[in-house]
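Just so you know, all these numbers are worked out from the coordinates, no wet-lab data involved. Predicted, not measured: the structure shown is a model, and the values here were computed from it. Counting neighbours? That spans all protein chains shown, and the Cβs are built from the backbone with ideal geometry, glycine included.
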Amino acid sequence: ISGMILFLYGEMIGFPVATRRAVVMMIIMLIARIIGERYDRINSLALAAIIELVLHPSALFSSGFLLSYGTVLGIAIFVSGFTGLYEDDKSIGFALWEIVNGSIGVSLTTLPVIINCYHEVPIYSVLVNIVLLPFLSILLIVSLFAGVLSFLSAALGGFFLGAVYYILVFYNAFLELVDDLYCSSVIIGQRSAVSIVIYYLGLLVFVFVQRYFKNKKMKKITGVLVLVFSV
């Protein structure tokens with residue numbers, strides 16, 4: 001039933017690249033639960049990418065495909081790597097990393113795509129994600145609740161939709177504030193293919209060290225070097 005609803009939702013909005021990826025990955029997760037297998041996000045992402053490229057080969061050169069898959073890949077790979085930078089999982093530093101590691105992973109993974117597609121770097125993207133992402137769950141839940149409630153009472157549905165409206169107003173005001181900040185984005189032009197390859201090789205070294213090296217000091221040094229290198 002969930003898979004059917006997801007498919008119908010995707011059909012309703014025209015099945016853009018990001019929605020096709022999300023629907024395929026969700027259906028794979030549901031099938032894994034039914035047959036009692038462990039769900040692996042990276043394998044699921046890879047299968048979704050294969051299906052997408054078989055059906056739409058030209059998607060490989062679209063920014064929507066690269067950003068959508070790069071975002072999920074950054075979360076899947078780099079969150080665990082950044083978390084490994086701290087030995088004490090009860091420290092303040094670990095708690096802060098838990099908040100920002102996903103946003104940093106996404107930013108690092110998609111940075112070359114953003115540069116080559118839009119020729120600029122959003123300086124405050126991590127900050128924006130940290131502030132706005134927690135409201136997405138609230139926005140979705142309240143919207144769904146208001147939609148269902150509106151069938152019973154237009155007044156109650158409108159009341160809860162008011163909360164959705166003010167969340168969106170906050171989104172807009174915050175984004176305008178960030179956009180007005182000094183150096184909110186830096187235009188740097190297109191990068192060469194060689195520099196992009198070197199960049200991603202550096203991130204792969206980081207992932208390798210974080211996952212397979214036991215030396216905590218080496219993990220911290222590599223993490224700092226990769227962050228500096230990415231800048």
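Brief remarks on what is shown
- Segment Tyr39-Val100, length gained on full extension (0.36 nm per residue, minus Cα span): 19.5 nm
- Nearest-0.05 FRET efficiency for Ala18 and Arg191, computed from C-beta distance (R0 25 Å): 0.55
- Length available on full extension from Phe174 to Ala155: 0.36 nm per residue minus the Cα-Cα distance, which gives 4.0 nm.
- The order of the peptides 139-151, 109-121, 174-186, 198-210 by mean Cβ neighbours within 10 Å, most packed first, is 109-121, 198-210, 139-151, 174-186.
- Positive contributions from Lys and Arg (+1) and negative ones from Asp and Glu (-1), summed over other residues with Cβ under 11 Å from the Cβ of Ile77, come out at +2.
- Long-range amide H partners of Ser185 with built H, under 5 Å: Ile123
- Distance from the alpha carbon centroid of the range 36-51 to that of the range 156-176 works out to 35 angstrom.
- Counting charges near Val128 (Lys, Arg +1; Asp, Glu -1) among other residues having Cβ under 14 Å from its Cβ returns a value of -3.
- Cβ-Cβ FRET estimate between Phe7 and Ser63, R0 fixed at 25 Å, reported to 0.05: 0.50
- Computed from the Cβ-Cβ distance with R0 of 35 Å, the FRET efficiency linking Ser143 to Val207 stands at 0.45.
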